[in-house]
Amino acid sequence: MNTFLDMAPFQKIWLQAQAIFWQRVLSWAMVAQIVAIACAILLAFRAARAIYAWFDRLQALGSKLPELAGGLPFLKVINRTIRSFLAFIFVWIAFGVAEHYGWPREGLHTAGIISFALTMVRLLTGQMQNRFWARVLAGAIWFWAALYITYLIDPWLNLLSHVAFKLGKVHISLLHLTRAPAIFLLLYWLSRNLSMIWRFWLTAASGLTPAVQILLSRLGSIFLFSASVFLVLHYLGIDLTVFALFSGALGLGLGFGLQKVFANLVSGFILLADKSIKPGDVIQMGDKYGWINFLGSRYVSVITRDATEHLIPNENLITNEVINWSYSQNLVRLKVAVGVGYATDLGEARDLMLETAADTKRVLKDPEPSCRLLGFGDNAVNLELLVWINDPQNGLGSLKSDLLWGIWRRFREHGIELPFPQRDVHLKPIPEVRIRTGLEKDLKE
């Protein structure tokens, strides 16, 4: 009697699955492979401890130096992936040994692919801010891992390679379009993190000046990103010479539309090359006074003493006058003007001002402070106190305030008055004037 659904094919598949399970999974060969996998995982955990200690030292160094903090997220991602990556390495070694001697290696093959896929998921998605695309990328990685585990990768690749089209003289298949974004993402991630490592090394161990470090870091980032784009285009088989005419027209349009942007970019490289401004310098531009926190591609970040951050375009620093208080050295002279009355003993006033300078913090003993006479004004004798400091990044206004407070207190204690403008007003008498009116004239007549 025929049934609606013939179960014979399903029973045959079930019997074959049982045979494979009993012969390959529940076998002494699989037990040996499981032991090898466990040993590889144990070795990976042991080897990761030494690498963790090195990462901890790098993170401690990055926390002390703000300019190294940009590499800390990358170190955290590497810290999460090092165990699975080492496990993949050790499993791959065991797989090579088993392949050399002709031993069963299905379990090692599966464990190696899983450990590699786990490493790639943690490595590529650990720094992604958008978790939706992170899950999409993780799903794609696990999909390819499943194809490799089930040995379906070759039929899948053949299917993608046969779906193709032509773009001019370029033959592009669906396999190329599938691999190209993955290759670009991988190369972009690699170039970005290599740029972080390059910048980290320049800052920590190169011994170069900050301006040269930033210049080399920018050039390295541009080179790595450009190389990633060119490699992907070369993989797709696209001749780069076809972009010559297009790039010329595009460059002409961008030259007019983005001339300010390019001017700032070029100015940024000039500032880095001539080392006139570098991170940590104290500059003054117009009424803006502060220390340089960051040198960007388009702007310079200047933080003032009131914690206000000004983003100044690089072109303004090239074309306008800029006072760099710490260009060649941090030694700066501060001038404080003080006026005293004409009845004041100028020698005593000078000694009190020098005592104030000597007792004020941040004022250097060498070069020693000095006081000079500027001239005789309308209301006061004008004196000037000159002091030297070597930390202009801590501000000049607070030091000037401390000096004026000290001078005021000492002048009060010794009876020296600070003059203020005075004016004498003289009233002259008005002569008597007789006003004759028309009525008075009529009365006389």
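The table for this structure:
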| item | result |
| --- | --- |
| Search result, residues across segment 301-344 that are among the aliphatic types (A, V, I, L, M) and in a loop (DSSP other than H, G, I, E, B) | A307, V322, L331, A343 |
| Segment 332-351 residues that are over 22 Å from S398 (Cβ atoms), paired with ones that are in a helix (DSSP H, G or I) (beta carbon under 8 Å, 6 or more apart) | V340/L346; V340/A349; V340/F411; A349/F411 |
| Selection status of R350, of a type in the set (K, R), crowded, with 16+ Cβ neighbours inside 10 Å and at pLDDT 85 or above | yes |
| Single residue of I197, I277 found to be in a helix (DSSP H, G or I), more than 30 Å from L174 (Cβ to Cβ) and modelled with pLDDT of 75 or more | I197 |
| Single residue of segment 284-307 satisfying the filter (more than 20 Å from D391 (Cβ to Cβ) and of a type outside the set (A, V, I, L, M)) that is surrounded by the fewest Cβ atoms within 10 Å (Cβ to Cβ) | D287 |
| Criterion: more than 30 Å from L383 (Cβ to Cβ), out of contact with any Lys or Arg (no Cβ under 6 Å at 6 or more places or on another chain) and either modelled with pLDDT of 80 or more or not charged (D, E, K, R) (or both) - qualifying residue of Y289, Y299 | Y299 |
| Criterion: under 30 Å from Q329 (Cα atoms), under 41 Å from the mean Cα position of the chain (by Cα) and in a helix (DSSP H, G or I) - qualifying residue of L354, L399 | L399 |
| Cβ pairs under 7 Å, 6+ apart, first in segment 210-228 and assigned by TED's automatic domain parsing to the domain that holds L295, second at pLDDT 75 or above and among the basic types (K, R) | none |
| Residue check for R362: among the charged types (D, E, K, R), within 15 Å of L385 (Cβ to Cβ), part of a helix (DSSP H, G or I) and outside the structural domain of V300 (by TED's automatic domain parsing) | no |
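The values are calculated or read from the model by the stated rules, or taken from the named source; none is laboratory data. Fair warning: this is a prediction, and the values are worked out from it, not measured in the lab. Please note: Cβ atoms are built from the backbone with ideal geometry, for glycine as well, and neighbour counts cover all protein chains shown.
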